[in-house]
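Scroll down for the structure; my scribbles are underneath it.
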């Protein structure tokens, strides 16, 4: 299938990306056909970028789930962000003074990404009278701010003094996101431990204690908070 046909086939999801917010379909199409775009599919747990990779492209997640993480010399992972369609990926690195990507990026599930060539995208946007590019730049700023706020939320979890309070802070966030005391989280036990910068066995043990104490109940990634909001640990 030609690139043009592929773009048309998947345009319904492409146009919903925050990158193209408040843009007419004709404006989006013009950018797509001038930004050197191409599709790529990754299998579950496949590495998309490694820290140190050249930052010469960015993209939109069309399907799947993507993790940003850091890894120390001992192989311990520190999960930073979780992203899903139709959010952008690595949009900040090509436009910064950094020449390389400074985090690792992995496909948590089978994932398809629409990439843009940074050089061609910049070339297209060099014309200061291009209204479409003004909109894209504005949207990029909003996306970057939203991701920054996501990192701020994670920092709030990590500031809790005990592992139980960190776990409860994270679960409370998902309860708020879903507006329900019953919800599914996107992280398995190892990923949750990486996200909270904790030991996996310690996280599993603490979850068991919390269930025994009547605070939560869970099965795999499905959780229910049993206590009322005013009684949650501070």
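Quick rundown of the values:
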item: Meets criteria (closer than 30 Å to residue 200 by Cα and either in contact (Cβ under 8 Å) with a residue 24 or more places away in the chain or not assigned by TED's automatic domain parsing to the domain that holds residue 190 (or both)) for residue 90; result: yes
item: Filter result for the condition that a residue is under 20 Å from residue 71 (Cα atoms) and without any contact (Cβ under 8 Å) to a residue 24 or more places away in the chain, over 160, 189, 177, 154; result: 189
item: Among residues of the stretch 48-91, those that are at pLDDT 80 or above and not in a strand (DSSP E or B), counted; result: 11
item: Selected residue (criterion: modelled with the highest pLDDT) from residues of the stretch 183-203 that are surrounded by fewer than 14 Cβ atoms within 10 Å (Cβ to Cβ) and closer than 15 Å to residue 170 by Cα; result: 184
item: Residue 42 at pLDDT 95 or above, touching a strand residue (DSSP E or B) at 6+ places or on another chain (Cβ under 6 Å) and under 21 Å from residue 92 (Cβ atoms); result: yes
item: Residues located in the stretch 35-47, provided they are surrounded by fewer than 19 Cβ atoms within 10 Å (Cβ to Cβ) and assigned to a strand (DSSP E or B); result: 38, 39, 40, 41, 47
item: Filtered residue count, the stretch 1-28, keeping only those that are buried (at least 17 other Cβ atoms within 10 Å of the Cβ) and under 25 Å from the mean Cα position of the chain (by Cα); result: 8
item: Within the stretch 205-216, tally of residues that are closer than 30 Å to residue 106 by Cα and surrounded by fewer than 14 Cβ atoms within 10 Å (Cβ to Cβ); result: 2
item: Members of the stretch 48-68 found to be surrounded by fewer than 16 Cβ atoms within 10 Å (Cβ to Cβ) and within 15 Å of the chain's Cα centre (by Cα), listed by number; result: 63
item: Residue match in the stretch 7-24 (condition: without any contact (Cβ under 8 Å) to a residue 12 or more places away in the chain and in a loop (DSSP other than H, G, I, E, B)); result: yes
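The values are calculated or read from the model by the stated rules, or taken from the named source; none is laboratory data. The shown structure was predicted, so the numbers you read here are calculated from the model rather than taken from an experiment. Virtual Cβ from ideal backbone geometry, glycine too; neighbours counted across all protein chains shown.
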